[in-house]
Amino acid sequence: MACVLEAPLRMSVLSEVTASSRHYVDRLFDLDPQKVLQGVIDMKNAVIGNNKQKANLIVLGAVPRLLYLLQQESSSTELRTECAVVLGSLAMGTENNVKSLLDCHIIPALLQGLLSPDLKFIEACLRCLRTIFISPVTPEDLLYTDATVISHLMALLSRSRYTQEYICQIFSHCCKGPDHQTILFNHGAVQSIAHLLVSASYKVRMQALKCFSVLAFENPQVSMTLVNVSVDGELLPQIFVKMLQRDKPIEMQLTSAKCLTSMCRAGAIRTDDPCIVLKTLPCLVRMCSKERLLEERVEGAETLAYLIETDVELQRIASITDHLIVMLADYFKYPSSVSAITDIKRLDHDLKHAHELRQAAFKLYASLGANDEDIRKKIIETENMMDRIVNGLSESSIKVRLAAVRCLHSLSRSVQQLRTSFQDHAVWKPLMKVLQNAPNEILVVASSTLCNLLLEFSPSKEPILESGAIELLCSLTQSENLALRVNGIWALMNMAFQAEQKIKSDILRGLSTEQLFQLLSDSDVNVLMKTLGLLRNLLSTRPHIDHIMSTHGKQIMQAVTLILEGEHNIEVKEQTLCILANIADGTTAKELIMTNDDILQKIKYYMSHSNAKLQLAAMFCISNLIWNEEEGSQERQDKLRDMGIVDILHKLSQSSDPNLCDKAKTALQQYLA
């Protein structure tokens, strides 16, 4: 029985909710146009600030009828305008409201409305479009499906301050990435919007500024153009600088700082330009202070992190401006402790922004500590900093975890900190945990950090090895992601440096010969160079060289031949010859070279090469093969003499290159001894 009763109960609740709204919809179908208009006006007044009423009207099918009336040529302009106003009001409700409007194809209807000659109707359509496009559920690409739309919007910019405000707002929300930037740029957005920066209306100035901040972001073409654009005889960078002054609204200061930051990062403004050093940077540091709203502090720190990310001097200046390093520590103190019940709203606000604050602080610390040892020391000495990073590595928010790993990576470039703070806090443990299961963007930075923790002077190297790192790193070398392959092999290369024989054997076993060949034939030169670096580190110290060549000699010699015959750059060939020189230093391993005429001919060829680096590397091979004090040296010397090596050595001993000359003379002495 319960199941039978359930449906009518639900229906009765729905009918109760919507009954009071039905008459609004019914009036839209009246045959008297005047009554329809009055019905739309009454509906407009009923939905203002009333989300429940908005939802009811959408459920009752008001949207298709409003859109029909909006598109009818027979509808009066006043009716069409009021319909656009009501639709805009419905769009201001929940995200579900916007989805319902999109499902009814509201955007094409509103864009069509922009062709009307009536300005009030155009403004109402634009206002509604603006509300829809700023919703996160609206796909930005809907603005770009018809190529004529952008041109028409550009043309409408001159109609009124409202068209200027709404169109700029639409552009700034729908410009996501280089493709959109290019479309807007090619339609003359820079020239069309530039003069709006001096509009009498604050809202227009602000929306134009926001437009430039998204157009210029990571876009050298736009940034280079902006530098040379002038409005009323004043260049845009000068206008932006005026907008950053302390007496301007914070929103304006922040947005103009973002414009100048993007232009600086794109190379359009020098990093030592006074407008960056004396204006933009101090303004962004100001935004990080306690006096600012949490949202402003987040935006200020993130923009500053981006501005100084690659410039050592800006990092130094920022680090000593307004006690920034200490100021950032405050970002971790949210949500603040709440005692009084009146602070519930504040707590809710703090909770909402706590993740963003921590993420922004980690990002800025990462940029500050990217190069300078003293700055890294100051960061690490900031209260509970290492604990905060360790906690950040296990946060639920992916963005915070990524920022914490970035911060750790930046600080891990310090030899001093690797030996002290990193060891004291056993940072490697949470880092290894992050590496077990994380999205690629986190894995890339975490594995880069691990590379640093595996350097031979790092005390973390041993415990990392014991925690199963070899297997993990070998699996990274098989990743389709290039950065992960590079980092995996790089970390193994660091691990193999001056390592015990067991570790070297474990690496070779973990990689497998097949994977080693795969890496040596990788299309990316970075992967290839790091793999050769790994081989070079594996083949160091005689007992290790002999042991590895006794088990993997055939495959390694094959790989060496493959690379010396391939189309590779000088650095790759040099590294490969250095591996051969290491093999030649082995006691038994050198026989693998001496019995391989093909390899010997290649060494001979590179001794006479036009590049001195390759000549020198080939000479190291020869020196190790003919060294007098070693068993069998006489036979090796004779064989190499018969090949014409001594003649080449005589020639090289006359070389103008002092290194080549000395090396050749030293080698010839072995023959005379």
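The values are calculated or read from the model by the stated rules, or taken from the named source; none is laboratory data. This is a predicted model, so every value here is computed, not measured. Using ideal geometry, Cβ is built from the backbone for each residue, glycine included, and neighbour counts are taken over all protein chains shown. SASA here: full protein model, heavy atoms, side chains in, ligands and nucleic acids out. Shrake-Rupley method; radii C 1.70, N 1.55, O 1.52, S 1.80 Å.
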query = If one takes the longest principal axis of the Cα atoms in the chain, at what angle in degrees, from 0 to 90 and to the nearest 10, does the Cα axis of helix 62-71 lie?
reply = 80
Carbon plus sulfur fraction of accessible area for the chain, probe 1.4 Å, in percent = 52
task = Before rounding to the nearest 500, sum -39500 (n - 2.57) across all DSSP H runs of length at least 4 in the chain and divide by the residue total; then give [θ] at 222 nm in deg cm²/dmol.
result = -22000 deg cm²/dmol
query = How much of His355 can a 1.4 Å solvent probe reach, expressed as accessible area in Å² and rounded to 10?
reply = 70
task = Using the structure shown, select from Lys590/Lys651; Lys242/Lys352; Lys99/Lys352; Lys248/Lys290; Lys461/Lys573; Lys52/Lys352 the pairs with a Cα to Cα distance greater than 22 angstrom.
result = Lys590/Lys651; Lys242/Lys352; Lys99/Lys352; Lys461/Lys573; Lys52/Lys352
request  = Note the angle between two axes, namely the Cα long axis of helix 202-216 and the longest principal axis of the Cα atoms of the chain, as a number of degrees from 0 to 90, rounded to the nearest 10.
outcome  = 30
remark   = Applied in sequence order to segment 586-593, the curve 6.51 cos²θ - 1.76 cosθ + 1.60 (Karplus, θ = phi - 60°) yields integer Hz couplings, x standing for Gly and Pro, of x, 7, 9, 4, 5, 5, 5, 7
request  = Give me the accessible area per residue for the chain, probe 1.4 Å, as a whole number in Å².
outcome  = 46
note = the chain: relative contact order from alpha carbon pairs under 8 Å, six or more residues apart, as a whole percent, is 5
ask   = Along the charge dipole of the chain, Cβ charges K/R +1 and D/E -1, which of Ser447, Leu281, Gly49 sits furthest on the positive end?
value = Gly49
key: Spatial separation of Cα centroids for segment 600-665 and segment 20-72, in angstrom   = 93
Accessible area (Å², 1.4 Å probe, nearest 10) - Thr541 = 80
query = What label, among (1) 1.13; (2) 0.98; (3) 1.47, belongs to Rg/Rh (Cα atoms, Kirkwood Rh) computed from the structure on display?
reply = (1)
query = With charges only on Cβ, +1 for K and R and -1 for D and E, what is the dipole size of segment 121-161 about its Cα centre, in debye, rounded to 20?
reply = 280
remark   = To the nearest 20 debye, the chain has a Cα-centred charge dipole, built from +1 on Lys and Arg Cβ and -1 on Asp and Glu Cβ, of 1360
message = What's the magnitude of the charge dipole for segment 571-673 around its Cα centre, counting Lys and Arg as +1 and Asp and Glu as -1 at the beta-carbon? Answer in Debye, nearest 20.
response = 320
task = Could you tell me how many degrees, from 0 to 90 and to the nearest 10, lie between the Cα long axis of helix 570-584 and the main elongation axis, the longest principal axis, of the Cα atoms of the chain?
result = 40
ask   = With point charges of +1 on the Cβ of Lys and Arg and -1 on the Cβ of Asp and Glu, referenced to the Cα centre of the chain, which listed residue (Ala84, Ile150, His547) lies farthest in the positive direction of the dipole?
value = Ala84
query = Excluding same-chain residues fewer than 8 positions from Lys120, which lysines have a Cα within less than 22 Å of its Cα?
reply = Lys35, Lys44, Lys203
Overall form of segment 551-672 per C-alpha gyration tensor (a/c, 1.5; a/b vs b/c) = oblate
